[in-house]
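Comments concern the structure below.
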Amino acid sequence: MPIATHRVRLFVLAVLFAVLALLLFTRPANAGWSAEPVQVHATTALCPLVSASDDSHYGAIVTWQENTATGGVLKAQHLLASGDPDPAWNGPVTVCAADLARTGLGSVSDGAGGAYVWWMEGKQLYLTRIAPEGAIATAWPARARYLGMMLSNAHRPAVAADGSGGLYVVWLQGDALGGGTVHIRGS
């Protein structure tokens with residue numbers, strides 16, 4: 001009996017090591033995307049800022065600034081789980097049409113197929129929400145919500161989804177009177 005028990009243990013260990021090796025050396029599926037990069041959008045314009053967030057359905061929402069002669073506009077495109085652009089969006093959508101230079105851009109999933117997009121115009125911080133169908137969400141201003149002033153245009157906010165469709169945004173803000181006091185703001 002001790003020999004049979006020892007052989008069973010060795011067999012079980014061999015099977016466990018084989019399964020572990022398969023897990024370690026198997027290439028991830030990448031949610032149906034091919035091994036080649038996906039073209040999100042083709043343009044001749046300079047795009048200095050880009051951000052991506054998941055859509056909570058294995059796809060992504062990609063946001064970028066497309067520069068113009070006087071600044072730039074923010075655009076977004078939804079990619080399906082396969083990596084293909086979402087045909088329901090009819091191409092890139094305009095997130096913010098204000099033709100301005102921006103110093104920072106980011107996004108986070110809203111947990112419902114859309115995304116919250118934040119950006120900075122100099123030191124000013126703005127936020128908007130893109131609905132899953134590719135339009136600015138109902139009750140959100142077309143220009144976005146102004147959240148506040150950052151400490152400098154080199155600083156960035158910390159943004160995180162709250163797990164129930166909202167988000168947390170925190171940033172550093174300087175004293176309006178120049179007294180050297182730094183405030184931590186949140187929204």
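The values are calculated or read from the model by the stated rules, or taken from the named source; none is laboratory data. Everything quoted here is computed from the prediction, not taken from an experiment. Neighbour counts are summed over all protein chains in view; Cβ atoms, including those assigned to glycine, are modelled from backbone coordinates with ideal geometry. We work out accessible area using only protein heavy atoms, side chains counted, and drop any ligands, DNA or RNA first. Shrake-Rupley method; radii C 1.70, N 1.55, O 1.52, S 1.80 Å.
Looking at (1) of a type in the set (Ser, Thr, Tyr); (2) closer than 20 Å to residue 40 by Cβ; (3) part of a strand (DSSP E or B), find the lone condition where residue 82 falls short.
Of everything listed in (1) of a type in the set (Ser, Thr, Tyr); (2) closer than 20 Å to residue 40 by Cβ; (3) part of a strand (DSSP E or B), residue 82 misses just condition (3).
From 51, 34, which residue is outside any helix (DSSP H, G or I), open to solvent by less than 80 Å² (accessible area, probe 1.4 Å), modelled with pLDDT of 75 or more and small (Gly, Ala, Ser)? I'd like the intermediate steps shown before the answer.
Values: 34 fails: modelled with pLDDT of 75 or more.
None of the other options fit; the residue is 51.
When segment 145-166 is examined, which residues are found to be surrounded by 14 or more Cβ atoms within 10 Å (Cβ to Cβ), under 17 Å from residue 120 (Cα atoms) and within 17 Å of the chain's Cα centre (by Cα)?
Passing the criteria: 156, 157, 159.
For segment 85-112, what are the residues that are open to solvent by 40 Å² or more (accessible area, probe 1.4 Å), in a strand (DSSP E or B) and under 27 Å from residue 153 (Cβ atoms)?
Passing the criteria: only 94.
Quick one: residue 171 ticks every box in (1) modelled with pLDDT of 90 or more; (2) in contact with a Gly (Cβ under 7 Å, 6 or more places away or on another chain) bar one, so which box is it?
Condition not satisfied by residue 171: (1).
Of all the strands (runs of 3 or more DSSP E) wholly in segment 119-179, which have at least 3 residues that are touching a residue at least 40 places away in the same chain (Cβ under 8 Å)? Show your work before the answer.
Values: elements: 124-130, 145-149, 158-161, 167-174.
Passing ranges, in order: 124-130, 158-161, 167-174.
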